[in-house]
Amino acid sequence: MIENRQVRFKRSETRVPDGLPEAVEAAFPGRQLRWYVGRANAEEVVVEATVASEPVTPYRDSVLEQRYPGRSVVVSVVPTGVGCSIGGFAGDAAPVTRLLAAATDYLVTNPNAVNASDFIRLDDNVLYVEGYCIDLLCRGLVNLHLPYANRVGVVLERSSAARLDAAFNVINAARAVHGVNVVHCAVTEGPIGSRCRRNDSGGFVGTIDRPETLFAACEALLRHGADAIAVATNVADLPLDEYALHFAGRAANPVGGVEAIISHSVVNRFRVPAAHAPLANVRNLALESAVVDARGAGEMASTSGLACVLIGLARAPQISPPPAGRSREILNLNNVLAVVAPANCMGGIPALFAHRAGIPVIAVAGNETLLGVTAEQLGMAGVLHAGSYAEAAGLLLALRHGLAPASLVRPLATLRHAPPGQPVAAAPPLYAGAGVE
């Protein structure tokens, strides 16, 4: 069973932000699949967590003693289910993802940043990494093994013949047009029961009625040689009025949260890359206009959400060493130049662990979410603030070339020696972002 829980931590009893991961682990020992800070104030921090009734597969051994120098990596986090104004729709973070990727050797991002049903654009240096894998990367628990190609297996939830026919047409198109190596498709014996839920912080999360049905299908794929898993299900309990507002550009995508839980569950159990897509995109909506908000048009123009997932998984990094060491490259947290995330969504695992490790965190004010969790509220000192992703890309270039971000703006603090008996001058301020209030 998978359920969504909320837990409150008093600041007087919890070291915020650096002690939060241990506090969450103590609250749900060995059972959390996903968590983030949903609210924060002067007295407490509220964490929204999705937990399993049974212990999840532990990742205990750090890989930080392993170093693979020579490549810089940027992690761009676009959280799902929290209404990101950039990336909260259908692959509409793809342009800013490509921009950030131009400032580094490799750009790690979560699938929903670029997934847009039939439409996806992945530059060669953009790494399609499921959110649970990003968490493990930023915790220093896994290496990313970049494959030449993955053998993709597909789980299709039992559905009508028409829906399954449409899905197989998408699968065959990905094979014929994009060269994706699909080794097996498993249609489940019965329903999986993926369901939407809204948590108390206003974000969309999800649950699964029959995870054993999902896992049995995954095991069949692995027996056929799959080393990446695409899952396509029918999502139940969709609030259709909210979904219609989403396509008008005024609400979060209610599907995002349950998609994350499905892929997190598969990755945790089988340690292979995974991603979820709706088996059939919803059409019975009372839309304000037949021409939807441009950010959601990729989904509205497509029958199924499956194509982009197959294309993304074809070269998604592995978190377990492949047989015979067949990797194009290996990367880990030691390669990470910076983590980029929305400015009011700083309470996720990547930003918190990067901050704790002394890795620069760039907070982008231009990507709004329905949360209000800022670096200042969490006490995260030293965060670099950017008004837009264009400004964030400039900061990444500065970091990559060894330029102090504070040297890029004016006024520039002047350092002087202190006369005898007087205190040393205060350190110059950090970069606060041009145009960021």
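Can you confirm whether the range 367-382 contains a residue that is under 23 Å from ALA116 (Cα atoms) and buried (at least 24 other Cβ atoms within 10 Å of the Cβ)? Within the range 367-382 (the criterion being under 23 Å from ALA116 (Cα atoms) and buried (at least 24 other Cβ atoms within 10 Å of the Cβ)), the answer is yes, since at least one residue qualifies. Of note, ALA174 satisfies the criterion of being surrounded by 21 or more Cβ atoms within 10 Å (Cβ to Cβ), of a type in the set (A, V, I, L, M, F, W, C) and under 17 Å from LEU279 (Cα atoms). Can you run down the residue pairs with Cβ atoms below 7 Å, 6 or more apart or on separate chains, where the first is in the range 398-427 and under 18 Å from PRO360 (Cα atoms) and the partner is of a type in the set (S, T, N, Q)? Listed by first residue and then by second, the contacts come to ARG400/SER72; ARG400/THR104. For the range 221-248, residues that are surrounded by fewer than 22 Cβ atoms within 10 Å (Cβ to Cβ) and in contact (Cβ under 8 Å) with a residue 60 or more places away in the chain total 4. With the structure loaded, tell me whether ARG98 is touching a helix residue (DSSP H, G or I) at 6+ places or on another chain (Cβ under 6 Å) and charged (D, E, K, R) or whether it fails that test. Here the answer is no, as ARG98 does not meet what is asked. Only residues that are among the charged types (D, E, K, R) and in a loop (DSSP other than H, G, I, E, B) were counted across the range 96-115, and they come to 1.
When LEU333 is tested against (1) within 30 Å of HIS246 (Cβ to Cβ); (2) of a type in the set (A, V, I, L, M, F, W, C); (3) surrounded by 24 or more Cβ atoms within 10 Å (Cβ to Cβ), exactly one condition is not met: (1). Return a yes/no flag: does the range 54-74 have any residue that is in contact (Cβ under 8 Å) with a residue 24 or more places away in the chain, within 30 Å of HIS178 (Cα to Cα) and under 14 Å from the mean Cα position of the chain (by Cα). Checked the range 54-74: at least one residue is in contact (Cβ under 8 Å) with a residue 24 or more places away in the chain, within 30 Å of HIS178 (Cα to Cα) and under 14 Å from the mean Cα position of the chain (by Cα). Given the criteria part of a helix (DSSP H, G or I), of a type outside the set (Gly, Ala, Ser) and either over 24 Å from ASP200 (Cβ atoms) or assigned by TED's automatic domain parsing to the domain that holds GLY38 (or both), does LEU397 qualify? Here the answer is yes, as LEU397 does meet what is asked. Taken together, the criteria exclude VAL63 from residues that are touching a Cys at 6+ places or on another chain (Cβ under 9 Å), in a loop (DSSP other than H, G, I, E, B), modelled with pLDDT of 95 or more and hydrophobic (A, V, I, L, M, F, W, C).
None of ALA244, ALA232, ALA216 is of a type outside the set (Phe, Trp, Tyr) and more than 13 Å from PRO191 (Cα to Cα) except ALA244. When the residues of the range 20-35 are filtered to those that are surrounded by fewer than 16 Cβ atoms within 10 Å (Cβ to Cβ) and in a loop (DSSP other than H, G, I, E, B), the one that is modelled with the highest pLDDT is PRO29. Scanning the range 220-265 for residues that are in a helix (DSSP H, G or I) and either on the phi > 0 side of the Ramachandran plot or out of contact with any helix residue (DSSP H, G or I) (no Cβ under 8 Å at 6 or more places or on another chain) (or both) yields ALA220, LEU221, ARG223, LEU240, ASP241, GLU242, TYR243, ALA244, LEU245, GLY257, VAL258, ILE261. Would you be able to say whether some residue in the range 416-433 is surrounded by 13 or more Cβ atoms within 10 Å (Cβ to Cβ) and under 30 Å from ARG250 (Cα atoms)? Checked the range 416-433: at least one residue is surrounded by 13 or more Cβ atoms within 10 Å (Cβ to Cβ) and under 30 Å from ARG250 (Cα atoms).
Among the residues of the range 188-215, those identified as exposed (fewer than 15 other Cβ atoms within 10 Å of the Cβ) and over 24 Å from the mean Cα position of the chain (by Cα) are GLU189, GLY190, GLU212.
Among all residues of the range 124-136, there is at least one that is free of Cβ contacts under 8 Å to residues at least 12 places away in the same chain, in a loop (DSSP other than H, G, I, E, B) and not hydroxyl-bearing (Ser, Thr, Tyr). On the stretch given as the range 77-93, residues that are surrounded by 24 or more Cβ atoms within 10 Å (Cβ to Cβ) and either in a strand (DSSP E or B) or of a type in the set (A, V, I, L, M) (or both) total 5.
Of all the residues in the range 396-437, those that are at pLDDT below 85, of a type in the set (Val, Ile, Thr) and more than 27 Å from VAL75 (Cβ to Cβ) number 1. A single entry from ALA236, ALA251 fulfils the requirement of being at pLDDT below 95 and out of contact with any strand residue (DSSP E or B) (no Cβ under 7 Å at 6 or more places or on another chain): ALA251.
The values are calculated or read from the model by the stated rules, or taken from the named source; none is laboratory data. Everything numeric here is computed off the predicted structure, so don't read it as measured data. A quick note on method: Cβ atoms are made from the backbone with ideal geometry, for glycine too, and the neighbour counts reach across all protein chains shown.
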